[in-house]
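Working notes, structure below.
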Amino acid sequence: IWLMGGIEMNRMIHRGAAVILIVGSIYHLFSVGYRLLVRRVQMSMLPGLKDVVDAIQTLGYNFGLIKNPPKMGRYTFGEKVEYWAVIWGTVIMILTGFMLWNPIATTRLFPGEFIPAAKAAHGGEALLAVLSIVTWHFYNVHVKSFNKSMFSGSLSHHEMEEEHPLELAALETTQVKPIAPAV
């Protein structure tokens, strides 16, 4: 705390980051809404039955029970799980953070017990997010095979064959044209 300028500076940094999270979330919500309602883009990040089957087959493949891994499309089941975990975590962080930032306004609407509950949920979600990023995201995106798409905006042919063979097949047969990522 001392290295970052003391407790008051830490509070300002934390609340500034909260405002950035809220603004980014509102932007994402409007961006998704625009793509869905105006451009009529398919909701490809919604999990479906195929994702459940892919998860079970991946587990079987990882344990050596199935010979070949499942073929996945534009988004794998793991990417969808990670996306929705971020959405859920962000909602929890914003709601509980607002309650902690404004305890008097919160206790006008809810019993006082909501404040310590919000503190526990806020801290627990922050810990869960850090652990998720360090284990799941860091391993899958940076260790297993370094995914450079965040810099280039695209994957190589080999990476597409490995991670998204159904999307690659659709692109090669021109069934799907490349578009900006959508939900």
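The values are calculated or read from the model by the stated rules, or taken from the named source; none is laboratory data. All values derive from a computational prediction rather than experimental measurement. Neighbour counts are summed over all protein chains in view; Cβ atoms, including those assigned to glycine, are modelled from backbone coordinates with ideal geometry. In case anyone asks, the SASA skips ligands and DNA or RNA and just uses the protein heavy atoms, side chains included. Shrake-Rupley method; radii C 1.70, N 1.55, O 1.52, S 1.80 Å.
One residue stands out in region 41-58 among those that are without any contact (Cβ under 8 Å) to a residue 60 or more places away in the chain and not β-branched (Val, Ile, Thr): the one that is most open to solvent (accessible area, probe 1.4 Å), namely LEU49. Only helices (runs of 4 or more DSSP H) whose full extent lies in region 15-128 are considered here, and the ones with at least 3 residues that are more than 22 Å from HIS164 (Cα to Cα) are 77-101, 103-109. For region 70-91, the tally of residues that are open to solvent by 40 Å² or more (accessible area, probe 1.4 Å) and touching a helix residue (DSSP H, G or I) at 6+ places or on another chain (Cβ under 7 Å) stands at 5. Is there a residue in region 158-171 that is more than 26 Å from MET43 (Cβ to Cβ) and open to solvent by 50 Å² or more (accessible area, probe 1.4 Å)? Looking through region 158-171, at least one residue is more than 26 Å from MET43 (Cβ to Cβ) and open to solvent by 50 Å² or more (accessible area, probe 1.4 Å).
Among the residues making up region 1-40, those that are β-branched (Val, Ile, Thr) and free of Cβ contacts under 8 Å to residues at least 12 places away in the same chain are ILE1, ILE7, ILE13, VAL19, ILE20, VAL23, ILE26, VAL38. Note on region 107-124: among residues that are under 28 Å from the mean Cα position of the chain (by Cα) and of a type outside the set (A, V, I, L, M), the one that is surrounded by the fewest Cβ atoms within 10 Å (Cβ to Cβ) is PRO116. Of all positions in region 138-149, at least one carries a residue that is under 28 Å from ASN10 (Cα atoms) and surrounded by fewer than 15 Cβ atoms within 10 Å (Cβ to Cβ). From the list TYR34, TYR61, the lone residue that is hydroxyl-bearing (Ser, Thr, Tyr) and either under 30 Å from ILE94 (Cβ atoms) or surrounded by fewer than 14 Cβ atoms within 10 Å (Cβ to Cβ) (or both) is TYR34.
For first residues located in region 107-135 and closer than 18 Å to HIS14 by Cβ, partners that are among the small types (Gly, Ala, Ser) and open to solvent by 40 Å² or more (accessible area, probe 1.4 Å) and lie 6+ apart or on another chain with Cβ distances below 9 Å form the pairs LEU128/ALA85; ALA129/ALA85. State the number of residues belonging to region 1-31 that are among the hydroxyl-bearing types (Ser, Thr, Tyr), out of contact with any helix residue (DSSP H, G or I) (no Cβ under 6 Å at 6 or more places or on another chain) and surrounded by 11 or more Cβ atoms within 10 Å (Cβ to Cβ). Looking only at that region, the number is 1.
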